[in-house]
1. Tally up the residues in segment 151-180 that are small (Gly, Ala, Ser) and open to solvent by less than 40 Å² (accessible area, probe 1.4 Å), please.
2. Among the listed residues Leu205, Leu201, which satisfies the condition of being at pLDDT 95 or above, open to solvent by less than 10 Å² (accessible area, probe 1.4 Å), of a type outside the set (Phe, Trp, Tyr) and touching a strand residue (DSSP E or B) at 6+ places or on another chain (Cβ under 8 Å)?
3. Being touching a Ser or Thr at 6+ places or on another chain (Cβ under 9 Å) and not small (Gly, Ala, Ser) is true for just one of Met73, Met8. Which residue is that?
4. Could you figure out which of (1) open to solvent by 20 Å² or more (accessible area, probe 1.4 Å); (2) of a type outside the set (Ser, Thr, Tyr); (3) more than 21 Å from Ser261 (Cα to Cα) isn't true of Ala185?
5. Looking only at segment 372-426, which residues are assigned to a loop (DSSP other than H, G, I, E, B), modelled with pLDDT under 85 and not aliphatic (A, V, I, L, M)?
6. From the residues in segment 382-419 that are open to solvent by less than 20 Å² (accessible area, probe 1.4 Å) and hydrophobic (A, V, I, L, M, F, W, C), which one is farthest from His332 (Cα to Cα)?
7. What number goes with the only condition from (1) surrounded by 18 or more Cβ atoms within 10 Å (Cβ to Cβ); (2) within 13 Å of Ile129 (Cα to Cα); (3) not basic (Lys, Arg) that Val249 does not pass?
8. Pick from segment 277-288 the residues that are loosely packed, with under 14 Cβ neighbours inside 10 Å and without any contact (Cβ under 8 Å) to a residue 24 or more places away in the chain: which of them is farthest from Glu317 (Cα to Cα)?
Amino acid sequence: LILLDVMMPEMDGFETCRRLKAAEQWRQIPVIFLTSKSETTDIVKGFELGAVDYVAKPFNAHELLARVSTHLMIDELRRSLAAKNVELARAHELVRRAFGRYVSEEVAASLLQSPERLELGGEEREVTILMSDLRGFTALAARQKPKDVIEFLNLYLEAMVDVISRYEGTIDEIIGDAILVIFGAPVASTDHAAKAVACGLAMQLAMSDVNKRLVAKGATELEMGIGIHTGRVIVGNIGSLRRTKYAAVGSNVNLAGRIESFTTGGQLLISENTREKIQSPLQVAGQFQVEPKGAARSLQLFEVRGLGEPFNLSLPEKSKALCPMPQPLPIHFTVLEEKFVGRTVHAGRLAAVSDSEAGIETEAALAPLSNLKIDLEPVAGANPGGEIYAKVIGPVAGSPQTHIHFTSVSPELKKWLQQMVARLATAPGPKS
């Protein structure tokens, strides 16, 4: 604490106090003026300059000592409270950051501001649900060391979580390589459907950089499918007193997962409910009528390739010309039922290929968006054979072939396909 006179040579007490309070290292030290200048204007000036007290001469020693002791005690209390506030701020930030690793920033901030929201319970609200899933990740994981699998997965999730946060999505769940995201809860939003679609497009665009980084680390490129649906769900805290989770519950959440299951790699499918809620211009590449398992009625799905103002996002053209094989290769395949291989084995031929798609010839009737497990028989000196997982796109225009999109191909077979496509692309002849 500083006892400061006013009448001093060269620099008076008022100027001294002003300079003390202007200096970062001195400004917190309490200053008491002890002076014979006791006019009201002098006292007011002293307090305006930052003094904590003003004592006029002549002074009573006991009174001055009491004032000094009081101000020292107040300053000690102030410093103690300031230190505690810093500790509390650090603890709050630590909790927020730790909490934010398991829930979204919005949920963490909401719960820290209003702890009563941790209580179990929920409310019905219209939200938009986004479900994403990688294609071929299970096969990749089977070929890699566990340490590498986790590294690849974290690389992918880091990129996706950044995009989701940018579009104000709340991550409900991360299940392996699948991500379930809520838009419109817990923070309400009038344009949750548009934000969800914009987020989906941005996630697909981010896969380009993800794949570059994966290839640089020795992994293969991956593709992602995204399904989006809008509807009323129950959002809130579920669980027990020991383990609570903020989540969305209801049939509309399940429906978003069903929509995602119909996607091919690089594709974004939305429901009619979501499309109706979006005001921004949509670039729709196609639409499909599907019969989701467990749904009471058929569902109209739309493949979205772009979204206009204010998002201005679009996916690059993905279709590539199919190159006819000089000699179609025999295949056998089954139609997958959910995640299980069907019992009926069909015969066919691989008639045309591109890097990620093919045309097959078969007498079996294949519904669009159905999933296939294909066994390509090895031919000495021609192909290594192997397994191909694919999704049916539909008939090839002007051809008896069925158009399929690869979802997973063994590395050896993928390398052979790339070499085959490169040769066929430079060879003379028609492309479909």
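The values are calculated or read from the model by the stated rules, or taken from the named source; none is laboratory data. Please read these numbers as outputs of a predicted model, since none were measured by experiment. Quick reminder, even Gly has a Cβ in these numbers, built from the backbone with ideal geometry, and neighbours come from all protein chains shown. Side chains included, ligands, DNA and RNA excluded: accessible areas come from the protein's heavy atoms. Shrake-Rupley method; radii C 1.70, N 1.55, O 1.52, S 1.80 Å.
1. 3
2. It is Leu201.
3. From the options Met73, Met8, the qualifying one is Met8.
4. Single failed check for Ala185: (1).
5. Glu377, Pro378, Gly381, Pro384, Gly385, Gly398, Ser399, Ser410, listed by residue number.
6. Ranking the qualifying residues of segment 382-419, first place goes to Val396.
7. Single failed check for Val249: (1).
8. Among residues in segment 277-288 that are loosely packed, with under 14 Cβ neighbours inside 10 Å and without any contact (Cβ under 8 Å) to a residue 24 or more places away in the chain, the one farthest from Glu317 (Cα to Cα) is Gln287.
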